[in-house]
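**Student:** Okay, here's the structure, questions in a sec.
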Amino acid sequence: MSEAPSGNRVTSTPPRALVVAALFGGLAGWLLAVTTSALDVVPPSIPWSAPVGLFVVGALVGALARSTHQQIQVRRERMEPQRAVAFLVLGKASALGGALVAGGYLGYALSFVGAFEADGPRERVIRSLVAMVGGLVLGAAGLLLERACRVPHDEDEERERRGLDDD
């Protein structure tokens, strides 16, 4: 039997894509700080709701990853294909979005490190770094959800597919 073309296979989010998303986010965060400084505008402060929101969404995606892992990998229950695809897409989006946000907050924080003695820049650096960790949590939860959506390997089905079943 011929195998399905690799174009029909969904793969895990490659590390390169996560690095590129983080680099673009970092560039955007740094450009925001540089642009506001060049225009003599007060750079935006980071409200505590930003990192808290990232942690909450990361925890929700992580809980979904855990329940999906229990259903598919541990109990070996079937999941509706549309639901599995939706979870996979959510996992990929969370992983890439988390990397982008983490990079953005890191770039924004690094642009204020030189003026850390002042209250405003110190606040921006601290809150940005906490939000960066929230982005990393979201990205990690997305990768876990992506991994939880993998269909477990069934040896009996594999033998049947290869025609090695002796029944």
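Throughout, read-outs are computed from the coordinates displayed, never taken from laboratory work. These numbers were taken from a predicted model, which means no experiment stands behind them. So basically every Cβ, Gly included, is an ideal-geometry build from the backbone, and we count neighbours across all protein chains shown.
**Student:** Of all residues in segment 97-136, count the ones that are more than 18 Å from LEU31 (Cα to Cα) and touching a Leu at 6+ places or on another chain (Cβ under 7 Å).
**Tutor:** Total satisfying the criteria: 4.
**Student:** Being more than 30 Å from VAL113 (Cα to Cα), over 17 Å from the mean Cα position of the chain (by Cα) and among the small types (Gly, Ala, Ser) narrows it down to one of SER67, SER49, SER45, SER37, so name that one. Can you show your working first?
**Tutor:** Details: SER49 fails: more than 30 Å from VAL113 (Cα to Cα); SER45 fails: more than 30 Å from VAL113 (Cα to Cα); SER37 fails: more than 30 Å from VAL113 (Cα to Cα).
Going through SER67, SER49, SER45, SER37 in turn, the sole match is SER67.
**Student:** Only one residue in SER67, SER94 is hydroxyl-bearing (Ser, Thr, Tyr), within 26 Å of ILE126 (Cβ to Cβ) and in a helix (DSSP H, G or I). Which one?
**Tutor:** SER94
**Student:** Answer yes or no as to whether SER45 is assigned to a loop (DSSP other than H, G, I, E, B), of a type in the set (Gly, Ala, Ser), farther than 21 Å from ALA141 by Cα and out of contact with any strand residue (DSSP E or B) (no Cβ under 8 Å at 6 or more places or on another chain).
**Tutor:** Yes: the conditions hold for SER45.
**Student:** Right, something else. Hey, can you tell me all the residues within segment 74-112 that are farther than 27 Å from VAL52 by Cβ, under 21 Å from the mean Cα position of the chain (by Cα) and of a type in the set (D, E, K, R)?
**Tutor:** Hit for segment 74-112 is ARG83, nothing else.
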